[in-house]
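The values are calculated or read from the model by the stated rules, or taken from the named source; none is laboratory data. These figures come from a predicted structure and were not determined experimentally. Virtual Cβ from ideal backbone geometry, glycine too; neighbours counted across all protein chains shown. Side chains included, ligands, DNA and RNA excluded: accessible areas come from the protein's heavy atoms. Shrake-Rupley method; radii C 1.70, N 1.55, O 1.52, S 1.80 Å.
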Amino acid sequence: MPADEPPSYANRPGGSRFKQQTLPAWKPVFTANCVIPLFFIFGVIFIPVGVVLLLESNKLREVSFTYTNCTDAAATPCSDYRLNRTFSAMAEPCVCDVQFTLTEDWTSTIYVYYRLTEFYQNHRRYLKSVNQEQLQGNNVLEGSGCTPNAFTSAGDNTILPCGMIANSKFNDTFIVRSAENNSVIAWERNSIAWTEDLEYKFGNPPSSFAGTAMPAYWQQNVSSLPGQMRNEDLVVWMRTAALPKFRKLYARIPGGLEMGNYTLEVRYNYPIRRGEKELVLSTVSWIGGKNNFLGIAYMTVGGLSMLGGCLLLAIYILYGHQKKDLSKLH
(Lines give C-alpha, C1' and ligand atoms only; values in the text may rest on other atoms or scores of the structure.)
Protein backbone atom coordinates (compact mmCIF):
# COMPACT_ATOMS: atom_id res chain seq x y z
CA MET A 1 0.00 0.00 0.00
CA PRO A 2 1.45 3.42 -0.91
CA ALA A 3 2.39 5.62 2.01
CA ASP A 4 -0.03 8.40 0.97
CA GLU A 5 -3.04 6.03 0.63
CA PRO A 6 -5.40 6.06 3.65
CA PRO A 7 -5.64 2.80 5.67
CA SER A 8 -8.51 0.43 4.99
CA TYR A 9 -11.06 -0.24 7.74
CA ALA A 10 -13.03 -2.90 5.88
CA ASN A 11 -12.40 -5.51 8.59
CA ARG A 12 -13.13 -3.25 11.51
CA PRO A 13 -16.05 -4.63 13.64
CA GLY A 14 -19.21 -2.61 13.95
CA GLY A 15 -19.59 0.13 16.47
CA SER A 16 -22.19 -1.64 18.65
CA ARG A 17 -21.38 -2.21 22.31
CA PHE A 18 -21.60 -5.97 21.73
CA LYS A 19 -19.05 -5.99 18.92
CA GLN A 20 -16.79 -3.57 20.75
CA GLN A 21 -17.06 -5.74 23.91
CA THR A 22 -18.18 -2.86 26.07
CA LEU A 23 -21.35 -4.45 27.49
CA PRO A 24 -21.78 -4.23 31.26
CA ALA A 25 -20.43 -7.34 32.98
CA TRP A 26 -20.34 -8.67 36.52
CA LYS A 27 -16.83 -9.00 37.83
CA PRO A 28 -16.76 -10.94 41.10
CA VAL A 29 -14.55 -9.61 43.85
CA PHE A 30 -13.51 -12.39 46.21
CA THR A 31 -13.43 -10.94 49.68
CA ALA A 32 -13.18 -12.70 53.00
CA ASN A 33 -16.89 -12.06 53.63
CA CYS A 34 -17.91 -14.22 50.65
CA VAL A 35 -15.10 -16.80 50.50
CA ILE A 36 -14.95 -17.93 54.13
CA PRO A 37 -18.70 -18.76 54.37
CA LEU A 38 -18.40 -20.88 51.21
CA PHE A 39 -15.83 -23.10 52.89
CA PHE A 40 -18.11 -23.66 55.86
CA ILE A 41 -21.14 -24.26 53.62
CA PHE A 42 -19.28 -26.96 51.68
CA GLY A 43 -18.22 -28.58 54.93
CA VAL A 44 -21.74 -28.52 56.37
CA ILE A 45 -23.09 -30.16 53.20
CA PHE A 46 -20.37 -32.70 52.45
CA ILE A 47 -19.81 -34.12 55.95
CA PRO A 48 -23.47 -35.18 56.58
CA VAL A 49 -23.70 -36.63 53.06
CA GLY A 50 -20.52 -38.63 53.69
CA VAL A 51 -21.86 -39.90 57.02
CA VAL A 52 -25.11 -41.05 55.40
CA LEU A 53 -23.24 -42.83 52.58
CA LEU A 54 -20.86 -44.53 55.02
CA LEU A 55 -23.67 -45.70 57.31
CA GLU A 56 -25.64 -47.03 54.33
CA SER A 57 -22.56 -48.83 53.01
CA ASN A 58 -21.94 -50.45 56.41
CA LYS A 59 -25.46 -51.90 56.32
CA LEU A 60 -24.60 -53.89 53.20
CA ARG A 61 -22.99 -57.32 53.35
CA GLU A 62 -20.26 -58.64 51.11
CA VAL A 63 -18.01 -61.69 51.13
CA SER A 64 -15.48 -62.82 48.55
CA PHE A 65 -13.67 -66.09 47.94
CA THR A 66 -10.38 -66.38 46.10
CA TYR A 67 -10.25 -69.68 44.24
CA THR A 68 -7.28 -69.09 41.92
CA ASN A 69 -5.27 -72.01 43.30
CA CYS A 70 -8.06 -74.29 44.48
CA THR A 71 -7.44 -78.03 44.09
CA ASP A 72 -9.56 -80.87 42.75
CA ALA A 73 -10.28 -84.20 44.46
CA ALA A 74 -6.79 -85.45 43.55
CA ALA A 75 -5.18 -82.39 45.20
CA THR A 76 -4.09 -81.05 41.81
CA PRO A 77 -4.24 -77.24 41.52
CA CYS A 78 -6.78 -76.50 38.82
CA SER A 79 -4.77 -73.47 37.71
CA ASP A 80 -1.78 -75.68 36.80
CA TYR A 81 -4.06 -78.23 35.20
CA ARG A 82 -5.66 -75.64 32.95
CA LEU A 83 -2.41 -73.98 31.89
CA ASN A 84 -1.01 -77.34 30.77
CA ARG A 85 -4.04 -78.28 28.67
CA THR A 86 -4.13 -78.04 24.90
CA PHE A 87 -7.08 -76.39 23.18
CA SER A 88 -8.58 -79.78 22.35
CA ALA A 89 -8.44 -80.86 26.00
CA MET A 90 -10.07 -77.73 27.45
CA ALA A 91 -13.37 -79.57 27.84
CA GLU A 92 -11.86 -81.94 30.41
CA PRO A 93 -13.34 -80.93 33.78
CA CYS A 94 -11.44 -79.68 36.80
CA VAL A 95 -13.81 -79.18 39.71
CA CYS A 96 -12.80 -77.75 43.06
CA ASP A 97 -14.73 -76.80 46.20
CA VAL A 98 -14.47 -73.74 48.44
CA GLN A 99 -16.11 -73.83 51.87
CA PHE A 100 -17.58 -70.69 53.42
CA THR A 101 -19.82 -69.73 56.35
CA LEU A 102 -22.43 -67.01 56.77
CA THR A 103 -22.67 -65.85 60.38
CA GLU A 104 -26.07 -64.18 59.89
CA ASP A 105 -29.10 -64.34 57.62
CA TRP A 106 -28.94 -62.44 54.35
CA THR A 107 -32.59 -61.67 53.69
CA SER A 108 -32.35 -59.35 50.67
CA THR A 109 -31.41 -60.23 47.09
CA ILE A 110 -27.79 -61.33 46.76
CA TYR A 111 -25.80 -60.43 43.67
CA VAL A 112 -23.12 -62.87 42.57
CA TYR A 113 -20.05 -61.48 40.77
CA TYR A 114 -16.82 -62.90 39.47
CA ARG A 115 -13.75 -60.72 39.94
CA LEU A 116 -10.48 -60.73 38.01
CA THR A 117 -7.27 -58.84 38.80
CA GLU A 118 -4.37 -57.87 36.55
CA PHE A 119 -6.56 -58.35 33.48
CA TYR A 120 -6.17 -55.38 31.15
CA GLN A 121 -9.37 -55.18 29.13
CA ASN A 122 -8.50 -51.53 28.47
CA HIS A 123 -5.49 -52.40 26.29
CA ARG A 124 -5.86 -50.59 22.96
CA ARG A 125 -5.19 -53.61 20.75
CA TYR A 126 -7.54 -55.74 22.84
CA LEU A 127 -10.33 -53.15 22.63
CA LYS A 128 -10.07 -52.85 18.85
CA SER A 129 -10.14 -56.62 18.26
CA VAL A 130 -13.89 -56.84 17.64
CA ASN A 131 -16.35 -56.55 14.76
CA GLN A 132 -19.60 -54.80 15.63
CA GLU A 133 -21.35 -55.82 12.40
CA GLN A 134 -20.76 -59.44 13.29
CA LEU A 135 -21.97 -59.01 16.88
CA GLN A 136 -25.18 -57.41 15.63
CA GLY A 137 -25.82 -60.43 13.41
CA ASN A 138 -25.68 -58.44 10.18
CA ASN A 139 -22.83 -60.46 8.68
CA VAL A 140 -21.47 -63.39 10.68
CA LEU A 141 -18.80 -64.07 8.04
CA GLU A 142 -17.27 -60.61 8.47
CA GLY A 143 -14.01 -60.89 10.40
CA SER A 144 -12.23 -57.64 9.61
CA GLY A 145 -10.67 -55.90 12.60
CA CYS A 146 -10.46 -59.11 14.65
CA THR A 147 -6.84 -60.02 13.94
CA PRO A 148 -5.38 -62.37 15.14
CA ASN A 149 -8.66 -64.10 16.04
CA ALA A 150 -10.61 -63.59 12.82
CA PHE A 151 -10.35 -66.92 10.98
CA THR A 152 -9.42 -70.51 11.73
CA SER A 153 -5.85 -71.64 11.12
CA ALA A 154 -6.91 -73.25 7.84
CA GLY A 155 -8.61 -70.00 6.83
CA ASP A 156 -11.80 -71.75 5.71
CA ASN A 157 -14.14 -70.54 8.49
CA THR A 158 -14.77 -67.23 10.22
CA ILE A 159 -14.52 -67.29 14.00
CA LEU A 160 -17.82 -66.28 15.58
CA PRO A 161 -17.67 -64.14 17.60
CA CYS A 162 -14.25 -63.04 16.41
CA GLY A 163 -11.61 -60.99 18.19
CA MET A 164 -9.56 -61.18 21.36
CA ILE A 165 -12.35 -59.95 23.62
CA ALA A 166 -14.69 -62.78 22.67
CA ASN A 167 -11.89 -65.36 22.60
CA SER A 168 -10.98 -64.54 26.22
CA LYS A 169 -14.56 -64.76 27.49
CA PHE A 170 -14.76 -65.85 31.13
CA ASN A 171 -16.23 -69.36 31.30
CA ASP A 172 -15.83 -70.66 34.86
CA THR A 173 -19.16 -71.93 36.23
CA PHE A 174 -20.34 -72.06 39.81
CA ILE A 175 -22.79 -73.91 42.03
CA VAL A 176 -23.51 -73.06 45.67
CA ARG A 177 -24.67 -75.93 47.88
CA SER A 178 -25.94 -75.92 51.43
CA ALA A 179 -23.65 -77.98 53.67
CA GLU A 180 -26.63 -79.04 55.78
CA ASN A 181 -28.49 -81.08 53.16
CA ASN A 182 -26.27 -80.68 50.05
CA SER A 183 -29.12 -78.92 48.22
CA VAL A 184 -28.27 -76.58 45.36
CA ILE A 185 -29.07 -72.92 45.99
CA ALA A 186 -31.35 -71.60 43.25
CA TRP A 187 -30.31 -68.42 41.50
CA GLU A 188 -31.32 -66.42 38.45
CA ARG A 189 -29.01 -66.07 35.46
CA ASN A 190 -31.20 -63.80 33.34
CA SER A 191 -31.39 -59.98 33.24
CA ILE A 192 -27.72 -59.63 34.14
CA ALA A 193 -26.76 -57.65 31.01
CA TRP A 194 -27.59 -54.07 30.10
CA THR A 195 -30.87 -53.81 28.19
CA GLU A 196 -29.29 -51.34 25.75
CA ASP A 197 -26.55 -53.84 24.89
CA LEU A 198 -29.03 -56.66 24.27
CA GLU A 199 -31.29 -54.53 22.08
CA TYR A 200 -28.82 -52.51 20.03
CA LYS A 201 -25.34 -54.05 20.14
CA PHE A 202 -26.05 -57.78 19.78
CA GLY A 203 -28.29 -59.76 17.50
CA ASN A 204 -28.71 -63.17 15.92
CA PRO A 205 -28.21 -63.64 12.18
CA PRO A 206 -31.33 -63.97 10.04
CA SER A 207 -29.97 -67.18 8.50
CA SER A 208 -27.81 -70.04 9.79
CA PHE A 209 -24.34 -70.02 11.37
CA ALA A 210 -22.83 -71.93 8.45
CA GLY A 211 -19.23 -71.09 7.64
CA THR A 212 -18.36 -70.11 11.21
CA ALA A 213 -16.27 -71.72 13.94
CA MET A 214 -16.06 -71.16 17.68
CA PRO A 215 -13.14 -69.24 19.24
CA ALA A 216 -10.10 -71.29 20.24
CA TYR A 217 -10.68 -71.07 24.02
CA TRP A 218 -14.40 -71.81 23.88
CA GLN A 219 -15.92 -75.19 24.63
CA GLN A 220 -19.07 -74.86 22.52
CA ASN A 221 -20.29 -72.93 19.50
CA VAL A 222 -22.20 -69.70 20.00
CA SER A 223 -25.20 -71.33 18.31
CA SER A 224 -25.41 -73.72 21.31
CA LEU A 225 -25.51 -70.96 23.92
CA PRO A 226 -28.80 -69.77 25.44
CA GLY A 227 -29.78 -66.74 23.38
CA GLN A 228 -26.92 -67.45 20.94
CA MET A 229 -25.36 -64.07 20.06
CA ARG A 230 -27.54 -62.48 22.74
CA ASN A 231 -26.22 -64.79 25.43
CA GLU A 232 -26.10 -62.62 28.53
CA ASP A 233 -22.78 -63.99 29.79
CA LEU A 234 -21.25 -63.02 26.44
CA VAL A 235 -22.89 -59.58 26.48
CA VAL A 236 -21.64 -58.89 30.02
CA TRP A 237 -18.09 -59.91 29.10
CA MET A 238 -18.00 -57.85 25.90
CA ARG A 239 -18.64 -54.65 27.89
CA THR A 240 -14.99 -54.09 28.69
CA ALA A 241 -13.72 -52.81 32.03
CA ALA A 242 -11.71 -49.60 32.42
CA LEU A 243 -9.39 -50.88 35.15
CA PRO A 244 -7.27 -54.04 35.49
CA LYS A 245 -9.20 -55.12 38.61
CA PHE A 246 -12.89 -55.52 37.88
CA ARG A 247 -15.92 -57.63 38.63
CA LYS A 248 -18.86 -58.59 36.45
CA LEU A 249 -22.34 -59.78 37.35
CA TYR A 250 -22.87 -63.54 37.16
CA ALA A 251 -26.22 -64.26 38.86
CA ARG A 252 -28.75 -63.20 41.51
CA ILE A 253 -30.10 -65.09 44.52
CA PRO A 254 -33.54 -63.50 45.01
CA GLY A 255 -34.41 -65.07 48.35
CA GLY A 256 -31.10 -64.41 50.06
CA LEU A 257 -29.25 -67.01 52.14
CA GLU A 258 -29.73 -68.26 55.66
CA MET A 259 -27.00 -68.39 58.25
CA GLY A 260 -24.94 -71.58 57.94
CA ASN A 261 -22.21 -73.43 56.08
CA TYR A 262 -22.04 -73.57 52.29
CA THR A 263 -19.91 -75.12 49.57
CA LEU A 264 -18.95 -73.23 46.44
CA GLU A 265 -18.40 -75.73 43.65
CA VAL A 266 -16.24 -74.29 40.88
CA ARG A 267 -15.92 -75.82 37.45
CA TYR A 268 -12.49 -74.39 36.67
CA ASN A 269 -12.31 -73.67 32.94
CA TYR A 270 -10.61 -70.30 32.72
CA PRO A 271 -6.77 -70.33 32.64
CA ILE A 272 -4.83 -67.36 33.98
CA ARG A 273 -1.09 -66.81 34.24
CA ARG A 274 -1.16 -64.00 36.79
CA GLY A 275 -3.65 -62.18 38.94
CA GLU A 276 -6.46 -63.64 41.01
CA LYS A 277 -9.94 -65.04 40.44
CA GLU A 278 -12.63 -64.46 43.03
CA LEU A 279 -16.33 -64.98 43.52
CA VAL A 280 -18.15 -62.18 45.33
CA LEU A 281 -21.53 -62.31 47.09
CA SER A 282 -22.97 -58.88 47.83
CA THR A 283 -26.19 -57.11 48.70
CA VAL A 284 -27.03 -53.71 47.19
CA SER A 285 -29.06 -50.62 48.08
CA TRP A 286 -29.78 -47.20 46.59
CA ILE A 287 -26.05 -46.37 46.72
CA GLY A 288 -25.13 -49.55 44.82
CA GLY A 289 -22.86 -52.20 46.28
CA LYS A 290 -20.77 -51.97 49.42
CA ASN A 291 -18.28 -49.12 48.96
CA ASN A 292 -16.90 -47.17 51.91
CA PHE A 293 -14.67 -45.02 49.72
CA LEU A 294 -17.45 -42.69 48.56
CA GLY A 295 -18.56 -41.84 52.09
CA ILE A 296 -14.98 -41.37 53.28
CA ALA A 297 -14.24 -39.14 50.28
CA TYR A 298 -17.21 -36.88 51.03
CA MET A 299 -16.27 -36.64 54.70
CA THR A 300 -12.64 -35.88 53.81
CA VAL A 301 -13.57 -33.08 51.42
CA GLY A 302 -16.03 -31.67 53.96
CA GLY A 303 -13.44 -31.83 56.73
CA LEU A 304 -10.79 -30.13 54.60
CA SER A 305 -13.31 -27.41 53.68
CA MET A 306 -14.10 -26.79 57.34
CA LEU A 307 -10.39 -26.75 58.18
CA GLY A 308 -9.69 -24.32 55.34
CA GLY A 309 -12.56 -22.11 56.49
CA CYS A 310 -11.25 -22.03 60.07
CA LEU A 311 -7.74 -21.24 58.84
CA LEU A 312 -8.92 -18.37 56.64
CA LEU A 313 -11.13 -17.05 59.42
CA ALA A 314 -8.20 -17.02 61.84
CA ILE A 315 -6.01 -15.21 59.31
CA TYR A 316 -8.76 -12.68 58.66
CA ILE A 317 -9.26 -12.01 62.38
CA LEU A 318 -5.55 -11.64 63.06
CA TYR A 319 -4.40 -9.81 59.96
CA GLY A 320 -7.49 -8.48 58.17
CA HIS A 321 -7.81 -4.73 57.55
CA GLN A 322 -10.28 -2.82 59.64
CA LYS A 323 -12.62 -0.32 57.99
CA LYS A 324 -10.64 2.61 59.40
CA ASP A 325 -7.53 1.31 57.65
CA LEU A 326 -9.12 1.56 54.21
CA SER A 327 -8.73 5.35 54.23
CA LYS A 328 -4.98 4.85 54.05
CA LEU A 329 -5.32 3.26 50.63
CA HIS A 330 -6.44 6.54 49.00
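What to note about this one:
- Efficiency of FRET from Cβ geometry, residue 35 and residue 318, R₀ 25 Å, rounded to 0.05: 0.95
- Cβ-Cβ FRET estimate between residue 199 and residue 173, R0 fixed at 45 Å, reported to 0.05: 0.95
- Sulfur and carbon atoms: percent of accessible area, the chain [1.4 Å]: 57 percent
- Isolated cysteines of the chain, defined as having no other cysteine beta carbon under 4.7 Å away, are 34, 310.
- The range 210-302: chymotrypsin sites (Phe, Trp or Tyr not before Pro) in DSSP coil with no more than 14 other Cβ atoms inside 10 Å: 286
- Under 13 Å between alpha carbons - lysine pairs in the chain that sit 8 or more apart or on different chains: 4
- Most fluctuating residue given options 31, 101, 76, as computed from a GNM of the chain linking Cα atoms under 10 Å: 31
- Pairwise label distance in nanometres, residue 258 with residue 136, each label 7 Å out on the Cα-Cβ vector: 5.1 nm
- Cα lying deepest toward the dipole's positive end in the chain, options 236, 143, 294, charges on Cβ: 294
- Label-point separation in nm, residue 156 to residue 120, each point 7 Å along Cα→Cβ: 3.7 nm
- Distance-filtered residues of the range 105-130 - backbone nitrogen under 16 Å, label point 7 angstrom along residue 83 Cα→Cβ: 117-119
- Candidates 127, 38, 279, ranked by Gaussian network fluctuation over the chain, Cα under 10 Å, top entry: 38
- Looking at the range 78-177, the trypsin sites (Lys or Arg not before Pro) that sit in a DSSP loop and have at most 16 other Cβ atoms within 10 Å of their own Cβ are 85.
- Dipole of the chain, positive direction: furthest Cα of 309, 23, 83, with charges on the beta-carbon: 23
- Estimated at 0.36 nm per residue, the fully extended path between residue 17 and residue 99 surpasses their Cα-Cα distance by 21.8 nm.
- Between 191, 207, 57, the residue with the greatest mean-square fluctuation in the GNM of the chain (Cα pairs under 10 Å linked by springs) is 207.
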